[in-house]
1. Being touching a Gly at 6+ places or on another chain (Cβ under 9 Å) and either farther than 9 Å from Thr109 by Cβ or open to solvent by less than 30 Å² (accessible area, probe 1.4 Å) (or both) is the filter here; which residues of the range 6-17 pass it?
2. Going through the range 30-45 one residue at a time, which ones are open to solvent by less than 90 Å² (accessible area, probe 1.4 Å) and under 20 Å from Gly8 (Cα atoms)?
3. So the check is Cβ under 8 Å with 6+ separation or different chains; which pairs have a first residue in the range 23-42 that's farther than 15 Å from Ser7 by Cα and in contact (Cβ under 8 Å) with a residue 40 or more places away in the chain and a second one that's in a strand (DSSP E or B) and open to solvent by 50 Å² or more (accessible area, probe 1.4 Å)?
4. If I filter the range 67-75 for residues that are assigned to a loop (DSSP other than H, G, I, E, B) and either of a type outside the set (A, V, I, L, M) or over 29 Å from Gln1 (Cβ atoms) (or both), do I get at least one hit?
5. Within the range 87-115, which residues are surrounded by 14 or more Cβ atoms within 10 Å (Cβ to Cβ) and either assigned to a loop (DSSP other than H, G, I, E, B) or among the small types (Gly, Ala, Ser) (or both)?
6. Evaluate the following for Arg66: is it among the charged types (D, E, K, R), without any contact (Cβ under 8 Å) to a residue 60 or more places away in the chain and open to solvent by less than 30 Å² (accessible area, probe 1.4 Å)?
7. From the list Ala35, Ala24, pick out the single residue that is modelled with pLDDT under 95, out of contact with any helix residue (DSSP H, G or I) (no Cβ under 7 Å at 6 or more places or on another chain) and part of a strand (DSSP E or B).
8. Looking at the range 76-94, is at least one residue out of contact with any strand residue (DSSP E or B) (no Cβ under 6 Å at 6 or more places or on another chain), aromatic (Phe, Trp, Tyr) and touching a residue at least 12 places away in the same chain (Cβ under 8 Å)?
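The values are calculated or read from the model by the stated rules, or taken from the named source; none is laboratory data. Just so we're clear, the structure is a prediction, and the values are computed from it rather than from any experiment. For neighbour counting, all protein chains shown are included, and Cβ atoms are generated from backbone atoms with ideal geometry for every residue, glycine included. Remember, those area values only see protein heavy atoms, side chains included, never the ligands or the DNA or RNA. Shrake-Rupley method; radii C 1.70, N 1.55, O 1.52, S 1.80 Å.
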Amino acid sequence: QVQLVESGGGLVQAGGSLRLSCAASGSTFNVRPTAWYRQAPGKQRDLVAGITSSARTMYADSVKGRFSISRDNAKNTLYLQMNNLEPEDTAVYYCNIYPPFRPYWGQGTQVTVSS
C-alpha cells in the first residue's frame, strides 16, 4: 500500500519561492509516472506537473518556466520547486501517480500566495 505525504507549503508573497516535497512509502511509486496536482477553492483538481521514471517532464501551461518537478528515487521523494509565485497559484497541492489513483490521495499541502 502506497502512502504519500506532502509538505513544504506555506504563505509567501507574490514573486517568492517554495519547494514542495512528497514522501512516498512503497517502491512501486518510483517506477510509475508521478505528478503534482492542485485544487483551488471551488475549483477542480488540476494537473500541475508530471515526471516519468526516466525523468521526462511535462508542465501545465500556467506554470511553465516557473515550476520544476524532480524526483529522488533513492529517497522515494518527489519535489516541486515553485518560483515567481503568483496569487493564482494559491491552492492545496497534492502528489499522486499519473494518472491519479484515488486511494493514493493524501492530505495535501496548502500554498497561499499574497499579492
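1. Selection gives Glu6 alone.
2. Selection gives Thr34, Ala35, Trp36, Tyr37, Arg38, Gln39, Ala40, Arg45.
3. Gly26/Gln3; Gln39/Arg45; Gln39/Asp46
4. Taking the range 67-75 and keeping what is assigned to a loop (DSSP other than H, G, I, E, B), we get none.
There is no residue in the range 67-75 that is assigned to a loop (DSSP other than H, G, I, E, B) and either of a type outside the set (A, V, I, L, M) or over 29 Å from Gln1 (Cβ atoms) (or both).
5. Thr90, Ala91, Tyr98, Pro100, Trp105, Gly106, Gly108
6. Values: among the charged types (D, E, K, R): yes; without any contact (Cβ under 8 Å) to a residue 60 or more places away in the chain: yes; open to solvent by less than 30 Å² (accessible area, probe 1.4 Å): yes.
Answer is yes for this residue.
7. Values: Ala35 fails: modelled with pLDDT under 95.
When all the criteria are applied, what remains is Ala24.
8. There is no residue in the range 76-94 that is out of contact with any strand residue (DSSP E or B) (no Cβ under 6 Å at 6 or more places or on another chain), aromatic (Phe, Trp, Tyr) and touching a residue at least 12 places away in the same chain (Cβ under 8 Å).
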